[in-house]
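Enquirer: The structure follows.
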Amino acid sequence: MEKAMRSGNLGVREYKATGALFTTETVYYFLAFIFILAAAFFNWPTFGNFVRAGAERIEMSGMSSAAALYAGFRADNANPSSVQDLLDGVAAADAIDNMNHDGLMSNWFGRWSSGNYTDMWGTAFQFTEDADGGNRRIVSAGADRTFGTDDDITVGY
């Protein structure tokens, strides 16, 4: 083995490890290929709505955590009725522990910072619950901006 290394004749195993699986250029080509496929198989509005729906699900996941805290801190176990309730929090007079619980959801980043408390398509969120109070949900109307259709995005809390 030592002889082969000195002479430089390593055969098939001759390669140089660079420490990276892909080069930056390879990643750019791959991303370009993915966008070309997306354009070929989806029309751009459909692809854009697919991306928006994914981002909305992530955003609504955080909202559901804040909504659960809101209901838990309230002495009357009331649900939030709007995004503004989550941003304002629970006042001491309404809280189970008589303490202020401000800012259950932060508005310092992204769309929230501009005061736009709607979903990705510009529709206000619905905060709903079953008649018995068992299932509490936050609903986005989705791309068609109509509640009660197949593209609605729903998270429970």
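Enquirer: Being at pLDDT below 85 and of a type in the set (Asp, Glu) is the filter here; which residues of region 131-148 pass it?
Expert: Residue satisfying the conditions is 132 alone.
Enquirer: What are the residues in region 117-131 that are surrounded by 12 or more Cβ atoms within 10 Å (Cβ to Cβ), closer than 18 Å to residue 53 by Cβ and not aliphatic (A, V, I, L, M), if any?
Expert: Scanning region 117-131 gives 118, 119, 121, 123, 125, 126.
Enquirer: Of the conditions (1) loosely packed, with under 14 Cβ neighbours inside 10 Å; (2) under 15 Å from the mean Cα position of the chain (by Cα); (3) not in a loop (DSSP other than H, G, I, E, B), residue 60 clears all except one; give me its number.
Expert: Checking residue 60 against (1) loosely packed, with under 14 Cβ neighbours inside 10 Å; (2) under 15 Å from the mean Cα position of the chain (by Cα); (3) not in a loop (DSSP other than H, G, I, E, B), the one that fails is (1).
Enquirer: Next question, about the same structure. If you check residue 74 against the conditions, is it modelled with pLDDT under 90, farther than 16 Å from residue 156 by Cα and charged (D, E, K, R)?
Expert: So residue 74 fails the test.
Enquirer: Still on this model: Out of all the residues in region 70-129, which are within 26 Å of residue 147 (Cβ to Cβ), in contact with a strand residue (DSSP E or B) (Cβ under 6 Å, 6 or more places away or on another chain) and among the small types (Gly, Ala, Ser)?
Expert: Answer for region 70-129, where residues must be within 26 Å of residue 147 (Cβ to Cβ), in contact with a strand residue (DSSP E or B) (Cβ under 6 Å, 6 or more places away or on another chain) and among the small types (Gly, Ala, Ser): 81, 124.
Enquirer: Of all residues in region 79-116, count the ones that are surrounded by 13 or more Cβ atoms within 10 Å (Cβ to Cβ), of a type in the set (A, V, I, L, M, F, W, C) and outside any helix (DSSP H, G or I).
Expert: The number of residues fulfilling the criteria is 6.
Enquirer: Another question about this same structure. Could you list, ordered by first residue, the pairs with Cβ atoms under 6 Å in which the first is in region 33-46 and within 13 Å of residue 143 (Cβ to Cβ) and exposed (fewer than 11 other Cβ atoms within 10 Å of the Cβ) and the second is of a type outside the set (S, T, N, Q) and at pLDDT 70 or above, at least 6 apart or interchain?
Expert: Correct list of pairs: empty, since none qualify.
Enquirer: To continue, here is another question. So is residue 52 surrounded by fewer than 16 Cβ atoms within 10 Å (Cβ to Cβ), of a type in the set (Lys, Arg) and out of contact with any helix residue (DSSP H, G or I) (no Cβ under 8 Å at 6 or more places or on another chain) or not?
Expert: No.
Enquirer: Now for a separate question. Name the single residue, out of those in region 91-121 being more than 16 Å from the chain's Cα centre (by Cα) and at positive phi, that is modelled with the lowest pLDDT.
Expert: Per the criteria, the residue is 115.
Enquirer: With respect to the numbered conditions (1) modelled with pLDDT of 90 or more; (2) crowded, with 16+ Cβ neighbours inside 10 Å; (3) closer than 16 Å to residue 56 by Cα, which one is the sole condition not fulfilled by residue 151?
Expert: Result: residue 151 fails condition (2) only.
The values are calculated or read from the model by the stated rules, or taken from the named source; none is laboratory data. Worth saying up front: this structure is predicted, and the values here are computed from it rather than measured. Here Cβ is always computed from backbone atoms with ideal geometry, including for glycine, and neighbour counts include all displayed protein chains.
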